[in-house]
Each structure stands twice: as structure tokens, then as C-alpha cells.
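Here the structure is laid out as C-alpha cells; the discussion comes afterwards.
The values are calculated or read from the model by the stated rules, or taken from the named source; none is laboratory data. Since the model is a prediction, treat every value here as computed from it, not as a measurement. Ideal geometry is used to build each Cβ from the backbone, glycine not excepted, and the neighbour counts take in all protein chains shown.
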Amino acid sequence: MHQVQSVPAEPAPSAPAAKLGRAIVLTSGKGGVGKTTTTANLGTALAARGARVVLVDADIGLRNLDIVLGLESRVKHHLLDVLEERAGVDDALVSDKHSENLFLLAAAQSREKDEVETEKMQALIAALRERFDYVLIDCPAGIELGFRNAVAGADEAIVICTPEVSAVRDVDRVVGLLGNRFRPQLIVNRLRPAMVRKGKMLSVEDVNAILRLPLLGVIVDEPQIIVTTNRGEPLALQRESSTGAAYHAIAARVAGEDVPAPMPPVAKSSILERLGSIFGGKRA
Amino acid sequence: MIEFLKRLFGQPSSSATAKERLRLVLMTDHLELAPEMIEKMKHDLVDVISRFVEVDRERIEVSFERQDRTLAMLANIPIVAVNRPNGTGTNGNGTATTGAVKEEPAVPAASTPGATAATPPVRKRRRKKKAQAKAAAPAGAAAQ
């Protein structure tokens, strides 16, 4: 809802820097919940809307975003090369295979997270905001220096949470660390609607009863994500697939469009399941 | 079918278990992350109790304990003297103190049912804050 307010405000008078892009960090605390995949797909979807987008892989030492985007062979310089002035930003930016509006700034693979100087990272993100509409920062797992550096230059946050106790707990912690400045919004990732119906997985409502964040959307756990990652072609390129469409809907919401948050299809429960929930109380 | 039978016999679904575990673990986390809130609560608690009995502020212990499905606040508040039922003065003498020490175990015992009831408000308070001010206080506290 903050988005809705902030976006129309951007082209409006706002005195000093009229067209600064938005720097959004994608974070979760816990690893393996899909931050990188979400960054790649959201970036692809935002670029498809015509926005100029740069994806910054801040996971120094564990470079992955290039793989998900299928750009690994094009990376010549990385984030630390730029921060340490061995390469200019333009030398390091890798253009995407599918969209001319989409660029990647890869992480360094052979370095460590605490080799990044927070002020330099802030300055770089600030410089990128002058050139791009969106700077999406793929945050490393954890809440140490790598997290702080990734967050330093951002002014908004998207938190990725899977419907698991540990993931929700970590997101809760991260949201506490972020504070109010980042106006965090939530993407629930890897939801399995059938398991939710059977009472075997936390529902989106369960997760957000705890987190209480503005919900950008829900991404269903689907095997196709693995296939597209194998190929290095984000699922958001397939707009006709339901998950691809969900990424586009999330992108539209990020851009401030008033579209409903993508939710998993509400499949009808079987008679047996309904009986089960009658006898078992409200446990579904 | 097994699932159906399990539900029929009242075994909670695994998502219900997850929800319950999450609720408890987060309450514990939030308490751990907000020591100054506990200090303030301790302070206010003593202020209220002090209207009725004289307590030893230095030796107050407040702790939180997981009890099956709830989080309980346990307070051990040594009483130094008890006010006269109708009077205003306190009975601060040696005998009263020893008597109070004997009463000590009774205090946490008596506080337990009350504390169980007191747990939801702690949680509610945070939720309310979060809903209204977007977690201004807990977020700020956690950021430190």
C-alpha cells in the first residue's frame, strides 16, 4: 500500500532528484527460500513492462544470479571490481539475453562478503538509481555484514518467506532488523496449495497472521521453476504459465498498479477432506 | 484415509502444530529481543504491587517459561511487609521480613495462573503496535 502512494509521487514535483530509481533489496534471513529466483523473475517481469532494471547480486562468494538468468558466460567483471575501481560500472554490467532493459551486476565468486565496504556499496547503489528505474538487490542469507551491506543502499525491501516455521521466524527477525525505513512487503514462495488444503502446510493467512506485512503475492511451488533454472531462463519469460503470470502480477504491484495479489488457485476440496475438517475442527 | 481417521480422533494437523510452534517461538524471540520492555514491565508490576505490600525491589526475578501450549511469565517478588488492612502505615520489622521469605514460593505459584492469562496481552500489545505503527518499538529495539 505504501507502494501505491510512493509510485505516483515519483514523476510528480519531488524537488531534488526528479527521476531517481527505486532500490529494492530482496531478503529473507534464511537461505534457500528463493531470493535469487525471485530476483531474476521479478527483474525479468519489471523489464518486460518497459522499466530499466539492474539486478545486483550481493551474495559475494556465492554468485548465483548469473546462473539463474543464464548469463554466466557473459560476466567479465563483478561487483567488487567496481567497488574497488578495477572496472567501471559499464564494463561490469551484463545485458540480459531476452530484454534490452535488463542488466546484471554479478557478485564476486572468489571473495568474501566482509570485503565489501558499506559506504562504497551505498554509493554504487545511489549511482545505479540515477540510471535505472529499479535496482533490485539480491541479498545473501544471514543477518551479518553481508546482509547489512546488501541493505545499506536500498530504500525498500521485499521479504521472501516459505510456509515453514524456520523461514517465518527468520523473516520476523529480518523485518525487526530492517525497521520501518524499508517498508517491507511480503512474497510467500513455494506454497503447495494441496498440502495447505490437507492441513499439512502453513497457509498464506497463517504466515501473514504472524508477519502482518503488505502481501505482494504468492508463488506456488512448481517443478517448472527447476526446469527454467536448469536452462537459465526465468519462468517470468513464460507469461502464459500461471507462475510466470504471478511474477508479472507481482511486478505490476511493485510498480504501483492496483492489481490483486496473485494467489494460488483455490481448488475444491474433496468430500473426504471436507468431512475431515468437520470432524477435526478448524485444522485445515 | 489415515489422515481422516487421525483428524477424527483429534490429532492436530501438522500445519496446526507448525502454527502453534511458530506462535510460541516468536513470543520467546520477541521477549529476548526486547529486554528493556521486560524491565519496564517489571517496574510497572512492582509499582502496582507496592500499593498493597512492600516488596524488595532488588530481589525481584521475572522469567518466562514454556508451559505446554502457553508461554508463562513467572515473577518472584519477595514481600518485605504487608500493609494493615485499614491502616496506611507499613509493618516493616524483622518478623515481617522472615515471614515474607517463607511466603516467597507462594508468590510464583499464585502468579502462574494469572501469568498465563497475562501472556496474551503481551502478544496483543506487540500486534497492536505492529498493526498501527508498523512495529515501531519492537523493530527499533531489534535493530539495536
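What are the residues in segment A:216-232 that are in contact with a helix residue (DSSP H, G or I) (Cβ under 8 Å, 6 or more places away or on another chain) and under 19 Å from A:Glu72 (Cβ atoms), if any? Even if it seems obvious, please write down each step before you answer.
From segment A:216-232, those in contact with a helix residue (DSSP H, G or I) (Cβ under 8 Å, 6 or more places away or on another chain) are A:216-220, A:222, A:224-225, A:228-229, A:232; that's our starting set.
Scanning segment A:216-232 gives A:Ile225, A:Thr228, A:Thr229, A:Gly232.
Do we have A:Ser203 as touching a strand residue (DSSP E or B) at 6+ places or on another chain (Cβ under 9 Å) and surrounded by fewer than 20 Cβ atoms within 10 Å (Cβ to Cβ) here?
Working: touching a strand residue (DSSP E or B) at 6+ places or on another chain (Cβ under 9 Å): yes; surrounded by fewer than 20 Cβ atoms within 10 Å (Cβ to Cβ): no.
The answer is no for A:Ser203.
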Go through segment A:209-219 residue by residue and tally those that are under 14 Å from A:Ile158 (Cα atoms), within 12 Å of chain B (Cβ to nearest Cβ) and surrounded by fewer than 21 Cβ atoms within 10 Å (Cβ to Cβ). 3
Cβ-Cβ under 6 Å, sequence separation 6+ or interchain: first residue in segment A:42-58 and charged (D, E, K, R), partner part of a strand (DSSP E or B). Which pairs? A:Asp57/A:Asp138
Options B:Glu20, B:Glu54; residue that is touching a Ser or Thr at 6+ places or on another chain (Cβ under 6 Å) and at pLDDT 90 or above: B:Glu54
B:Arg69 passes all but one of (1) away from chain A (no Cβ under 14 Å); (2) at pLDDT 85 or above; (3) within 23 Å of A:Pro163 (Cα to Cα); which number fails? (2)
May I ask you to list the residues in segment A:167-205 that are assigned to a helix (DSSP H, G or I), in contact with a Ser or Thr (Cβ under 7 Å, 6 or more places away or on another chain) and at the interface with chain B (Cβ under 8 Å from one of its Cβ atoms)? A:Val196
Answer with yes or no whether A:Ala126 is assigned to a helix (DSSP H, G or I), over 29 Å from A:Val204 (Cβ atoms) and of a type in the set (A, V, I, L, M). yes
Output the residues belonging to segment A:43-63 that are more than 23 Å from A:Ala108 (Cβ to Cβ) and of a type outside the set (D, E, K, R). A:Thr44, A:Ala45, A:Leu46, A:Ala47, A:Ala48, A:Gly50, A:Ala51
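Given the condition charged (D, E, K, R), over 12 Å from the mean Cα position of the chain (by Cα) and in a helix (DSSP H, G or I), answer yes or no: does some residue in segment B:61-79 qualify?
no
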Taking segment A:143-166, which residues are more than 14 Å from chain B (Cβ to nearest Cβ) and touching a strand residue (DSSP E or B) at 6+ places or on another chain (Cβ under 6 Å)? A:Ala150, A:Gly153, A:Ala154, A:Asp155, A:Ile158, A:Ile160
Among residues of segment A:220-243 being among the hydrophobic types (A, V, I, L, M, F, W, C) and loosely packed, with under 15 Cβ neighbours inside 10 Å, the residue farthest from the chain's Cα centre (by Cα) is A:Val227
Any idea which of (1) within 10 Å of chain A (Cβ to nearest Cβ); (2) at pLDDT below 90 is the one B:Glu32 doesn't satisfy? (1)
